[in-house]
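What follows is a single structure, written as structure tokens, with notes after it.
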Amino acid sequence: MSKQLILALSKGRILDETLPLLAEAGITPAEDLRASRKLLFDTNMPGVKLVVIRATDVPTYVQLGAADVGIAGKDVLLEHGAEGLYEPIDLEIARCRLMTAGVQGVEPARARLRVATKFVNVARRYYAAQGIQAEVIKLYGAMELAPMMNLADEIVDIVDTGNTLRANGMEPRELIAPISTRLVVNQAAMTMKHERIKPLLEGMRAAVARRRAA
Ligand code: ATP
Ligand code: PRP
């Protein structure tokens, strides 16, 4: 087979759960990803390479064809827009929820709401769809701090156990979207490299199904 295949993996939390799935689909990195400062890795499969990048950069790599396949959270895909990407597989890992949250026991402000989040596009779309006028403030982390510091009335953030919210005197309010990790594919690559991508998709689907049945 001629054409090489580039897979873009999200570093961080998702990586630990992605590697076993990839291994079940027959792809293992040629060296320990965590022990290296490298960003581009060979695998056991000739012509299949991995890049390990910030989760938020994965849709960009795949959309522009720098990578053929990507692994990223649905939250990241929703925020990016991920236009023109195929999203054939829900890997069913890193499940959580994208939610609005506010200070415990405090009624959400009725007038112009101030919302702190790193998911500014998702937040703008969500509040607009609810008919709520919101001023969306971009933060890069620690969103739970914003209401406490009078920076915002609500936040839009990932919620799993709810522990982070509770620890900061906050409560979850509305569900925006259930989140899990998705495998995405560049549209042109799906056609041009189909003979390489097809077995990968089949292997990943089978691995997810085995997990589900276990
Ligand atoms: P970056 O370091 O690039 O800012 P991040 O810190 O948001 O990224 P991680 O914390 O590694 O990235 O999370 C990666 C993905 O895991 C998120 O995009 C989301 O899909 C999922 N995720 C985040 N928090 C949780 C959680 N508490 N439980 C389950 N899944 C989560
Ligand atoms: C994520 C997310 C929330 C938290 C939610 O943060 O940003 O803060 O998990 O999980 P919980 O409902 O179970 O508390 P993470 O732990 O990944 O740290 P981060 O802020 O460095 O991304």
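The values are calculated or read from the model by the stated rules, or taken from the named source; none is laboratory data. What you see is a predicted model; the values in this text were computed from it and never measured. Cβ placement follows ideal geometry from the backbone for every residue including glycine, while neighbour counts extend to all protein chains displayed. Accessible surface areas use protein heavy atoms only, side chains included; no ligands, DNA or RNA. Shrake-Rupley method; radii C 1.70, N 1.55, O 1.52, S 1.80 Å.
Structure notes:
- Residue within region 81-93 that is at pLDDT 95 or above, within 16 Å of ligand 2 (Cβ to nearest atom) and not in a loop (DSSP other than H, G, I, E, B) present: no
- Top-ranked residue of region 1-42 - restricted to ones that are within 16 Å of ligand 1 (Cβ to nearest atom) and open to solvent by 80 Å² or more (accessible area, probe 1.4 Å), ranked as nearest to CYS96 (Cα to Cα): ARG13
- Among the candidates LEU183, LEU175, the residue that is in contact with a strand residue (DSSP E or B) (Cβ under 8 Å, 6 or more places away or on another chain) and more than 16 Å from ligand 2 (Cβ to nearest atom) is uniquely LEU183.
- Taken together, the criteria exclude ARG211 from residues that are open to solvent by 60 Å² or more (accessible area, probe 1.4 Å), touching a residue at least 40 places away in the same chain (Cβ under 8 Å) and either more than 16 Å from ligand 1 (Cβ to nearest atom) or not in a helix (DSSP H, G or I) (or both).
- Within region 94-121, considering residues that are of a type in the set (A, V, I, L, M), over 25 Å from ARG212 (Cα atoms) and open to solvent by less than 40 Å² (accessible area, probe 1.4 Å), the one farthest from ligand 2 (Cβ to nearest atom): LEU113
- Residues in region 154-172 that are away from ligand 1 (no atom under 16 Å from the Cβ) and open to solvent by 50 Å² or more (accessible area, probe 1.4 Å): GLU171 only.
- When PHE41 is tested against (1) in contact (Cβ under 8 Å) with a residue 40 or more places away in the chain; (2) not in a loop (DSSP other than H, G, I, E, B), exactly one condition is not met: (1).
- Of note, GLU17 does not satisfy the criterion of being of a type in the set (D, E, K, R) and away from ligand 2 (no atom under 16 Å from the Cβ).
- If the condition is being away from ligand 2 (no atom under 11 Å from the Cβ) and in a loop (DSSP other than H, G, I, E, B), then region 161-172 contributes only GLY169.
- Flag if LEU175 is touching a residue at least 24 places away in the same chain (Cβ under 8 Å), assigned to a strand (DSSP E or B) and not polar (S, T, N, Q): yes
- Count - residues of region 188-208 that are exposed (fewer than 15 other Cβ atoms within 10 Å of the Cβ) and more than 20 Å from LEU19 (Cβ to Cβ): 6
- In region 82-94, the residues that are touching a residue at least 24 places away in the same chain (Cβ under 8 Å) and within 23 Å of ASN121 (Cα to Cα) reach residues that are acidic (Asp, Glu) and open to solvent by 20 Å² or more (accessible area, probe 1.4 Å) with C-beta atoms within less than 8 angstrom, at least six apart or across chains, in these pairs: ALA94/GLU17.
- Leading residue by the ranking (farthest from ILE93 (Cα to Cα)) among those in region 43-60 that are open to solvent by 40 Å² or more (accessible area, probe 1.4 Å) and within 16 Å of ligand 2 (Cβ to nearest atom): ASP57
- Note on region 122-141: residues that are within 11 Å of ligand 1 (Cβ to nearest atom) and either open to solvent by 70 Å² or more (accessible area, probe 1.4 Å) or among the acidic types (Asp, Glu) (or both) amount to 1.
- Region 114-129, residues that are out of contact with any Leu (no Cβ under 8 Å at 6 or more places or on another chain) and either within 16 Å of GLU171 (Cβ to Cβ) or not assigned by TED's automatic domain parsing to the domain that holds THR164 (or both): VAL115
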